[in-house]
Structure formats: structure tokens, C-alpha cells
């Protein structure tokens, strides 16, 4: 199997954007090409686009062809869209990775994009319901916030995790986002603000939840030979894992405070990389809700099971701690344009491992992890390493 | 790169189905598992689902997780949906192929599914418009039928192709479909019926077009080791190619009677397989409209450019001819449930190369090709071979 690296990355401004779906593609695509002067659109042999619901938000399918044309790319070996709800972007990176690892392609752009905010706010909220089981869950109101609230309640009951712990995740990620010019929210947040924000699904308050965001991100993935020719600082894909516990909430066999699929996906990625949790310097984890980040600390092995609340409280997931988690601001501070999220996570790790993350730079970051989930039962983990 | 084979396949009944999206998944999934007694759902390490617009037709994203749960599959390494308009299914097979070829997975189901017929017929028609550029083409009525009609007009002007040639493609494929119990149409058709059917977009009449169909299909893709353990008649993936000329009709640089992306995709697949057009015994080509099949004969090298009309007229694409094209009835006779089509093509080649195609069997078929396109400018070709 051939070695594969990221050689370029770029993101659009995230937020409530007065931009079309195509505008967002242009913005991230251009930023990505600008990051690798040696690559022109016509040099790519493939394009993969991660996007969840353009059929609903732009009345448009056939997304990779639209994006290829918008960016002047003429794929000669690979063109596809991937959809896996909130993990669509990372699933796209894995498509390109497998193609290059197998020797079927050499230089592929992976772009993630979502235009969620519609003129009618209710429409955006309604559309988010397509991610859970329509017939058995969404129709009865069991959308993402109440699902993750159940996990939070269980974690509190089982391990003594507190509302303040959840609040501290919000404070950390909103503070990180204040140093990210592309983030949806840039004002930071105090613990009082987070704990005083309105309740969404108990115990999760507004500032413990990711917002409905428009945005796009892109990375360029290359074979070893191409990577070495294009840059002296490639960011290697060292490991990857994906696992599923279940789709419907009732299929998750253990209690909701345990996410065994995340544990298995992480273990598979660590094994492939020959690395351990203690080797990780920077992690982009899927903090769609604060409880998700706390459980991610545990299942990814950064701390013991049940100690996620204490982990954030002690500052161990912040600068100066064991591992800097969500330096770009996470989904909570940076925003969560579904298909773009996994690609934006990879773009952040790419910048961090090259020492180009500016005010957000994690000192001497050498190993980075991304964790992207689609619901509580399905998880994708990538491990990246510099030379 | 590891060798990869199909080891199982199954399809649902195609047609205007009183079935949900999930019902169709169950029907094709069960048929596929029934075809390989040695494989239980829990033995699979991955699932890829090709589907275009469940967001519109079932208000549902996150499709591979829904399908995994419906079928009892617990993916341990790969789960994703692929969308590439009408080529979504073949693009899904390529995802699984790359994962297995790279050594990242061993046994993966690829399922294609689409529930297009809605209670309101107008809604189904409207939804099909998501496949072309919404802002610059669909909004002005330039949907699929007029695009392909332009290609047909050009082919007639340039090469003397006639309405009768298009009609003969309709007759052949409707006749083939009459031997396929899963086909949408099973009554066959005479040339008079085809040429007397109502005009859709001149010169293409109703029986020269594929219908709006519900259906699903599934195949199981395996590494060489697993394939040899599971069956004594694996169907090997010998070659694959994909290429893009453009998305918008105005981007196709040559005249519409030439599809250079199909030529390039085919040449890449032949090169990889070490085979030539004359080696092909059976081909499933993307006859969304009769002109598409005629151009496919030419660009895939079964005849010279411009001779596609004469090729069908001489019976060279039928039983007893050079290559049997669309034995299951093609998109025209069997139906075209977008995401399912590419997988159903693979399922037909699987049955043909194993000698299990019953009344449709192409005698001693050893090499099969599938061609799946998404618009006139984007094409995917697979080449399969028996031991």
C-alpha cells in the first residue's frame, strides 16, 4: 500500500453566509489551490466532494461534477460525492486515500461543502432531521439535540459529570474560535455566558451546541512521489478507522455514555499508525455538543473512561495540557457545515503539523487526530503525522 | 494492488413500486445474501450505498447507516453513501474496489437504491432536474431529454443515423427485458410500437427513453483470498476508468455526437485489464436514451465512429452478434432507478459470467463491460472477467 499525504488545504469563511452553494465551493477551492503553488486545477486526477443535503438546500445533485466545473478540474480517474451525514467530509478523504493508496490515482482534491441556512430558518432546522431515522425517530422529534442530551444525562448519572464541565468545553472552544478568522463565532465566551445561555435539550445549553453554519473546506491528497515533489512538509495519513454501533438510538447496545464504535475506530487508526493516544499533540474532535467532546477524550484514550469532565476542568485538553483539542474552535465555535466539517478538521491538522496555524499554533505539533461522527453510533478517525 | 472480485449479487423487482426506500433495500439485500450462502450480514466489513436523492424522495440522509441497520450489517472498516447522479452505483463499486485493492477491507456490500415514484407524478419529474445545473440549465428547462435529443440530432446530421436506428435500440432492449422477471417492462415492443410512441424530445420517442423507476440492487465485493474461499466462480474486476468532459452542456467542447470522456474512461479500463473491445462478450451500457447506446457502441470501440446505427441494425449488438448489449433490458426496458442502475449492471454481468443468467444467458460469456454515465459528459466503465 502506497503512502499518502495532504499537500494543500484551504477553508472558506464559516457562518451565516450570503453566498450560494457554488460560491462556497469557489472560496474554499481557491484557498486550497493558493496553498500549493505547484498545483493547478488541471493537474488533479480526481475530485471527491463531501456534502449531505444539496438536494434540499440547493435543489442540486451531481455535486462533484458541479464543483469540478466551478473549479476548472477535469477528473481523469475519480469523481464522486460522499454522504455520511456529519462525517461526509472524512468519508470523502478516505475515498481519495484508498484510491491513492491502491495506486489508482495520484493527486485528488477532497472538498466539503454545505449551505444550510435558508431564507426560512425553520427550513434549515427541519432539514437537519434528515440525518436520523425519518420513519422511527425524526417523525417523533428525536433529532440530534435530544439524543446527545440523553448521553449527557447518562454521563452525569454514571460519572458525576456536571453542567460546569459541559460549560468549560463551550468556553474553551469559543475562546479558540476567537483566534480563527474563519470561525462562525469570534467573540469568545465566559463560563457565565455559557451557563446562562438558553436551554436547548437539558442539560445542553445553546453555547454547548454547534450552530447551523454555511461553509466549505478543501484539501489536496497526494501519493508519496507527488507529495515529495510538491512540498517539503507533507502531512502523512498514518492511520484511519471507521466503525458503526447502530443508526437508530435504540440500536446502541451499551448505555449512551459509552460509544464503543468510537473506541474501535480509534483503536484501528492507532494500530495502523503504530501510535498511542499519548503521542497525539493536537486533536480535532466532533464537538457537535459538549458531551461529544467529553466522551471523545475518553474513547480516544486521552483519559480514562468517566474522567472526561475532570480532563477539561484541569485544562488538559487546552494549550499547555496533554493534547490541544479543537484549536480552530471545533464545531461549536467554528460552526458545523456538515459536509465541510471533516475536511476543515483535516485542514486544521495540516496547518498545525506544518507550523502554519498562526495564533492557534500548538507548539511543535507532530501528530494530529481528527474524529468525525454521524450520530452517536458511527465514528471515523484519522491520524496524521509530519515527516 | 490486490485482486478484487464480485462474489454475490441480487436485485429487487424494478418498477413503479408500492414500497418504501427501506423495503427496496431489504429486497435487494436479501436477494444478494441469498446468492452467497457463506456470507452472513455480520461477516461484511463494509457497506457502500449508491443513491441520488433520498433527501427529496424519502426526506432522509445518512443512507448507508440506515441500510446497514436494515440489513443487520455492522461495518467495521467502511460505511458511506456515494452520489454521482445516474452513475452513483458504479462510483460506489469503485469505492469498495479501492478499499479492498489497497488492503483496507476484505468483504464489502455495495447497494444501489432509489425510490423515485412519488404520489405526485410531477414531483418525480421535478426531482430529476436536480441532476443538471440548477441555476444555468434546469431552471430553463434543459433537463436530460432535450440534452440527449441534441446529441441524437447531431448524430443524425453528421452520420446519417435514423429514427429507425433509435427505434431498433428500443425494440432490442424491450425484447431483452421481456426475459427478465425483475424488469420494469416485460411485454417487449415492436418497431411500429416504438416509432409510434409519443414524442418526448425530438427525435426521441417514449420507447427510446428510460422510465422513472423504483428499485435496488446489491453486490458483494471481496479480496482474492475471501473470494476464493467463498466461491469457485468469482467474477474479477479487471479494469476501471472514469473521466469527465464537463457538467454544463456548454462545457462539452466537441460536438454532442462525440463523447470523448467515455472514450477515455473505456480506454483506461481496457488498458488496465489488458483487453480490447473485441474481447468483450457482454456489455451493460447506459441506454438512458437510445442515442446513448449508439454512441456507447462507438466510444467503447465495438464499431467505428458513426457506425452505431448500422451496428444495431445488423444485429451486431444482439444475441448472435459481436457483443450482446444490455441483455437484462438496459435502462430502457429494465428501468432506471438512478443509484441502483450501476449496481444492477454489475449484478447482470456477475450472473452472465457465471453462466447463471437463465433465459438471458449469453453463451460462454467470459468478459463483461459495464458503462454508467451521469449526463453526456461524465462516464464510468468497469471490465469484469471470469477465471
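Data table
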read-out	value
Residue in segment B:254-274 that is surrounded by the most Cβ atoms within 10 Å (Cβ to Cβ), counting only those that are more than 20 Å from the chain's Cα centre (by Cα) and over 18 Å from residue B:298 (Cα atoms)	B:272
Check on residue A:170, in contact with a strand residue (DSSP E or B) (Cβ under 7 Å, 6 or more places away or on another chain), within 21 Å of residue A:331 (Cα to Cα) and buried (at least 24 other Cβ atoms within 10 Å of the Cβ)	no
Selection count where residues are crowded, with 24+ Cβ neighbours inside 10 Å and either in a loop (DSSP other than H, G, I, E, B) or under 18 Å from the mean Cα position of the chain (by Cα) (or both), scope segment B:303-318	1
Residue that is crowded, with 23+ Cβ neighbours inside 10 Å, within 9 Å of chain A (Cβ to nearest Cβ) and at pLDDT 95 or above, where the choices are B:52, B:110	B:52
Yes/no for residue A:348 being crowded, with 24+ Cβ neighbours inside 10 Å and either in contact with a strand residue (DSSP E or B) (Cβ under 7 Å, 6 or more places away or on another chain) or without any contact (Cβ under 8 Å) to a residue 40 or more places away in the chain (or both)	yes
Only listed residue being over 18 Å from the mean Cα position of the chain (by Cα) and closer than 25 Å to residue B:141 by Cα, chosen from B:224, B:158, B:163	B:163
Residue match in segment A:34-48 (condition: in contact (Cβ under 8 Å) with a residue 40 or more places away in the chain, closer than 25 Å to residue B:264 by Cβ, surrounded by fewer than 20 Cβ atoms within 10 Å (Cβ to Cβ) and in the same structural domain as residue A:9 (by TED's automatic domain parsing))	yes
Any hit, segment A:149-161, residues being under 30 Å from residue A:55 (Cα atoms), in a helix (DSSP H, G or I) and touching a residue at least 12 places away in the same chain (Cβ under 8 Å)	yes
Residue among A:116, A:142 that alone is touching a residue at least 24 places away in the same chain (Cβ under 8 Å), surrounded by fewer than 24 Cβ atoms within 10 Å (Cβ to Cβ) and on the phi < 0 side of the Ramachandran plot	A:142
Test: residue in segment A:144-154 that is more than 30 Å from residue B:64 (Cβ to Cβ) and either within 14 Å of chain B (Cβ to nearest Cβ) or more than 20 Å from the chain's Cα centre (by Cα) (or both)	no
Pair list, Cβ < 6 Å and 6+ apart or interchain, from segment A:70-92 residues that are more than 7 Å from every other protein chain (Cβ to nearest Cβ) to residues that are assigned to a loop (DSSP other than H, G, I, E, B)	A:73/A:44; A:86/A:374; A:87/A:374; A:88/A:52
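The values are calculated or read from the model by the stated rules, or taken from the named source; none is laboratory data. Since we're looking at a predicted model, the values are computed, not measured. For neighbour counting, all protein chains shown are included, and Cβ atoms are generated from backbone atoms with ideal geometry for every residue, glycine included.
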